[in-house]
Amino acid sequence: MESMRIDPGFDDLKQLIVQRRSLNCDHYKDGYLRRRFAVRMRARGVSGYDDYVRLLRSDPIEYDELMRDLTINVTQFFRDEAVFKALEDEVLPLLIYQKVSRGESSIRIWSAGCSSGEEPYSVSILMKELLGEEFERFSLSIVASDIDAEVLESAKEGRYLPRQVVNVPKPYLERYFTLDDGLYQLSPPIMEMVHFRNIDLFTATAGSHFDLILCRNVVIYFTREMQERLYMKFYRSLRDGGYLVMGNTETLVGEAATLLTPTHTRERIYQKR
Ligand SMILES: C[S@@+](CC[C@H](N)C(=O)[O-])C[C@H]1O[C@@H](n2cnc3c(N)ncnc32)[C@H](O)[C@@H]1O
């Protein structure tokens, strides 16, 4: 098994990252780490882990490059059409209906591993659309978290290149973006709902009583044990009736799989009942 391979250089490198950047690499799959380390080692012309450890000690700026490579930030607005259609047509309208019938006005959403903001802003656009004139009556909060400080800074700007907005349906592009100097700037009401926070999912949480948690295309790089712990963390962070939305290639594992019920199997949407 790959994780059992004895390789002191590899372990030293992981330890160094824990010490210097407080990121516990043991929670990432070994194969994933080896591929990411190889990218940086090739870039710096270094062939062994020991040499790369020496390089990191003598050139601390390399930590920034390595951290940038460790967090794969690929994302899109409305990533996976069927998932966002299920949210727009079924999950979110039902959530709003339940809030109205209970006389509640607070809606709490968490996008965990939000990268440059496309995911939480897509949800923000849907909520604005669905609430319509009722929007002002609701207190809506979308916590958007990531471990990568750099992507969070760009997310807060809410400015995107034309190729980054290709998936945004045309009416939403016209309603919620303005073209400014070749970049698409999101409008203030959409941005104001979203609160960006730097959270390491291995160690921290965004809070509790969430109505909806999206954690998509993040845990695929985590060990099975970490995935199980994380799904239980999400379970505890949801209020009764709240939803968890996972990535299309991700599978709910561990105890959480017995506690959360699928509402949309193909779209990987689950509910805490
Ligand atoms: C591929 S992006 C997913 C973005 C978005 N959820 C989507 O599906 O389009 C994965 C994100 O997970 C973040 N990430 C990786 N490890 C993390 C950790 N331990 N804690 C929090 N975020 C992490 C990365 O920084 C990256 O932005």
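Overview of results
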read-out: Failed criterion for residue 135 (all others in (1) free of Cβ contacts under 8 Å to residues at least 60 places away in the same chain; (2) within 16 Å of the ligand (Cβ to nearest atom); (3) out of contact with any strand residue (DSSP E or B) (no Cβ under 7 Å at 6 or more places or on another chain) hold); value: (2)
read-out: Residues being buried (at least 18 other Cβ atoms within 10 Å of the Cβ) and either on the phi < 0 side of the Ramachandran plot or touching a helix residue (DSSP H, G or I) at 6+ places or on another chain (Cβ under 6 Å) (or both) - total across the range 206-227; value: 14
read-out: Some residue of the range 97-110 being in contact with a strand residue (DSSP E or B) (Cβ under 9 Å, 6 or more places away or on another chain), part of a helix (DSSP H, G or I) and more than 14 Å from the ligand (Cβ to nearest atom); value: yes
read-out: Any chance residue 62 is touching a Leu at 6+ places or on another chain (Cβ under 6 Å) and either on the phi > 0 side of the Ramachandran plot or not assigned by TED's automatic domain parsing to the domain that holds residue 213 (or both); value: yes
read-out: Test set (1) under 22 Å from residue 93 (Cβ atoms); (2) without any contact (Cβ under 8 Å) to a residue 12 or more places away in the chain - residue 157 fails condition number; value: (1)
read-out: Some residue of the range 44-54 being in contact with an Asp or Glu (Cβ under 6 Å, 6 or more places away or on another chain), more than 16 Å from the ligand (Cβ to nearest atom) and of a type outside the set (Gly, Ala, Ser); value: yes
read-out: Condition met for residue 220 (within 11 Å of the ligand (Cβ to nearest atom) and either among the small types (Gly, Ala, Ser) or not in a strand (DSSP E or B) (or both)); value: yes
read-out: Enumerated helices (runs of 4 or more DSSP H) restricted to the range 1-86, each holding at least 1 residues that are closer than 24 Å to residue 202 by Cα and modelled with pLDDT of 90 or more; value: 8-21, 30-43, 49-58, 61-70
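The values are calculated or read from the model by the stated rules, or taken from the named source; none is laboratory data. Because the structure is predicted, anything quoted here is derived from the model rather than measured. A quick note on method: Cβ atoms are made from the backbone with ideal geometry, for glycine too, and the neighbour counts reach across all protein chains shown.
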